[in-house]
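The values are calculated or read from the model by the stated rules, or taken from the named source; none is laboratory data. Predicted, not measured: the structure shown is a model, and the values here were computed from it. Cβ coordinates were reconstructed from backbone atoms using ideal geometry, including for glycine residues, and neighbour counts include every protein chain displayed. These accessible areas exclude ligands, DNA and RNA; they are computed on the full protein's heavy atoms, side chains included. Shrake-Rupley method; radii C 1.70, N 1.55, O 1.52, S 1.80 Å.
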Amino acid sequence: MTEHRKRYHKDWILVTLLVSQIFLVGIFLTDIKVVCVTFLVAAIFASPGFFFFVCQGSRALVAAIYGIPLGVAYSSLVVTVCVALKGWNLTLLSCSYIVSIFFIVYISKRIRQQAEILLEANTFSLEESYPIWGLFAVISLYVALVTIPLLNVGKLTEYGYAYTGLFGHDFVIRGLYAVAASQNVPIDNFYFAGHHLKNFYLLWYILPAAIYKAMSGLCNIKDVLIIMSLGSVPVFFLLLCAVSPHFMKEEKSEVTDKGKRRKRFLTIIVVPFFAASFHWIYALVKLFVQEVYPFPLLMEYTKELGFLSQTWFRCFLFEPHVMLVIMIAMVIIVISENGPSYMRSITIGVLLSAMALTDSITFLIFGLSYFIYQIVCSAAAKEKFVVRDLVVTLAVGLCCLLVMMYLDILGFAKYSNKILFELNLKILVALPFLLFLTLGVIPVTAYLGIKLSKHTMKTIFALLMTGIAVLFLTCITDALEGNVVLRKSLYFVRMPLFFLSIQYVYSMNKGIFNKVIIFLMILALPTVVTDVWATSGIYKGAGTIYITPGEMEASSWIKTNTTRDSIVQSMIEYEYPGKFGYSVTIFFGERKAALGLWKGAKMFYPNYDAIRDRASAINTIFSTEEPKKRQELLAELNIDYVFIGEKERARYKDCEKYFTADKTNYEKVFDNAEVSIFRIKRG
């Protein structure tokens, strides 16, 4: 074995073991065919990013680490445009993909000609920077922690198929709109048939949609999401490991020093993942007042948050689009270290556009930080090329924006969620406590890191990202849910705070103050346990929603026996009473409804007058004794099937009789002990 190969062979052993681990766990949780197709399609999506960094002169492993988020973002943009123009046309997709590969290779080579990439990015070695087997052990542990909740998703219990907490909301919504993206772009609103969604988190859905499409829809989208959640863990860990040395100040002799490697390992692993929050204290207080003694003051306080913390653990499971945005941000940080060039600006402009289509709030935080940072660089360097590059980046972003508006993917929708500028005095007053509770020890280590580090441009960039994230969480909110901006800001701010923490943790000694910091890190560890507990319980009363076997069987029949543009209507709720519920025909039958449950309809299309009109019409369909009126409303709403289960019978006592008696207009096409489905006869 040559010296060059000896230097990196453990890197490849680590990556091979991690890939094999995800593959085997995926097979255990899902199905080997789904796992193989997911790996294949994900590799195709990631390939452009790999080629980009290979052409920069990076080693294959480094190119893979940096290239996965870049490739997924770039490929998803290409696929989005193709599907919006001609649907899932294989010929167009294949030709566009090949052209896009040549284009990104050309851009990469031009960047290399115009500006040398940093040597560290080309020759980075995991083995030289970290204790390699410790890294494998901790990533494997985190994969295991993420696996535990995934074991129970949709598990059949004595009460039915169980979906706990956010698995019963965010997780299934991700699956639903991945299915929707596999049919059309722009995405159809399954909760309000006839309406398309704009300004939605579209780009993340394209990869699972492509996987689902490659499977011809003959798989459970839940399985695809499970594999993607698992796979994102090692990718994110390795990317963080690769980017972190850019924020460390060390001599060459320190790179291979075992003591320094252990400190670096402590920085990368413990601070952002295991010492990430003191939320476990809040969770225990919440559990105490719910189960032991209901202190009135504490009862009111514990309504503000759930048992699950606002850490990256939550994002891996329920908000993976945020993790993709953070990974794209880290890749931009690496690319921006190239010397200025037109091609670098074009690449960053495309990546910023991808961020905007993936998650608008985190894009705004990072985008504002990046542009202010570039202006600061321009002022510091007193060079016109910085302004030139900034203008090119902005022009590319605006071009992408105009294309998406032309394709009706983005737009100024009258009825949609809105960002509001509103100072939140409660958050502002409680900010130190909030940051300490939700972010663990990392704000403290970040402050200490700033004091130790020289005020380099990287430090300034991290400070800008932190400041703008804090500005967003204190002064900006959203119109519908009220906590989305707060939540996304807390997810994002971990990244710059972590980068600011690196120099301090890396330089820690055995002083008493540093022992206090280590104690605080240890004190934060139980949050990982409470997070796993909060997402794994499927016992009755654990915030779990159950789908009965009869409902699941009926939903499966709908999925396999109706056309994908069919509208299937079940009962709706007029007002959102508190706990989120299902429209099983939407989530598991994967078919649109004239109107879904209230919260879902309000979230995706907050046109309250239109929602109330449809709610009234659907109430009449199930309750009226006038056959002609029922037929008119069914035709007006283009409803093809009516779903009648136990909930419908409980609310509308005679609803099934109306459809069974009128064989001229309705045909019973499915029937089991719990559910009857009627097809509306037309013409």
By average C-beta atoms within 10 angstrom, highest first, the peptides 618-624, 52-58, 418-424, 566-572 | 566-572, 52-58, 618-624, 418-424
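Using Stokes-Einstein with the Kirkwood hydrodynamic radius over Cα pairs, what translational diffusion coefficient do you get for the range 5-107 at 4 °C and a viscosity of 1.567 mPa s, in µm²/s rounded to a whole number?
Reported coefficient: 86 µm²/s.
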Efficiency of FRET from Cβ geometry, N184 and I375, R₀ 30 Å, rounded to 0.05 = 0.15
Taking N as the number of residues in the range 333-445, the ratio of its alpha carbon radius of gyration to 2.2 N^0.38 Å works out to 1.34
So, in Å, what gap is there between the alpha-carbon centers of the range 223-237 and the range 588-646?
-> 37 Å
Calculated FRET efficiency, E646 and M603, Cβ-Cβ r, R0 25 Å, to nearest 0.05?
-> 0.45
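Hey, could you grab the Kirkwood Rh for the range 136-242? Inverse mean 1/r over distinct alpha carbon pairs, Å, one decimal.
One decimal place: 15.4 Å for the Kirkwood radius.
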At a Förster radius of 60 Å, what calculated FRET efficiency corresponds to the Cβ-Cβ distance of D613 and I512, to the nearest 0.05?
-> 0.30
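Just subtract the alpha-carbon distance of S216 and T624 from 0.36 nm times their residue separation and send over the number in nm, one decimal.
Using 0.36 nm per residue and subtracting the Cα-Cα distance, I get 142.9 nm.
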Grab the DSSP H runs of the chain that are 4 residues or longer, score each as -39,500 (n - 2.57), total them, divide by all residues and round the 222 nm result to the nearest 500 deg cm²/dmol.
-> -21500 deg cm²/dmol
Given [x] 0.99; [y] 1.30; [z] 0.93 as possible values of Cα Rg over 2.2 N^0.38 Å, the one from the coordinates is [x]
In the structure shown, do any of K198/K418; K33/K592; K599/K668 have a Cα-Cα gap over 18 Å, and if so which?
-> K33/K592; K599/K668
Might you work out the accessible area of Y163 for me, using a 1.4 Å probe with all protein chains in place, and round it to the nearest 10 Å²?
-> 10 Å²
Expressed in nanometres to one decimal, the distance between label points 7 Å along Cα→Cβ at T91 and Y106 is 2.4 nm
Segments 272-282, 190-200 sorted - mean Cβ within 10 Å per residue, highest first = 272-282, 190-200
What distance in nm separates the simple spin-label points at R564 and I98, each placed 7 Å from Cα in the Cβ direction?
-> 2.5 nm
The answer for the chain, accessible area per residue at 1.4 Å probe in Å², is 42 Å²
Keeping the other protein chains in place, figure out the carbon and sulfur percent of the accessible area of the chain, with a 1.4 Å probe.
-> 64 percent
Return, ordered by residue number, the residues of the range 652-683 whose backbone nitrogen is under 11 Å from a label point located 7 Å along Cα→Cβ of A635.
-> 682-683
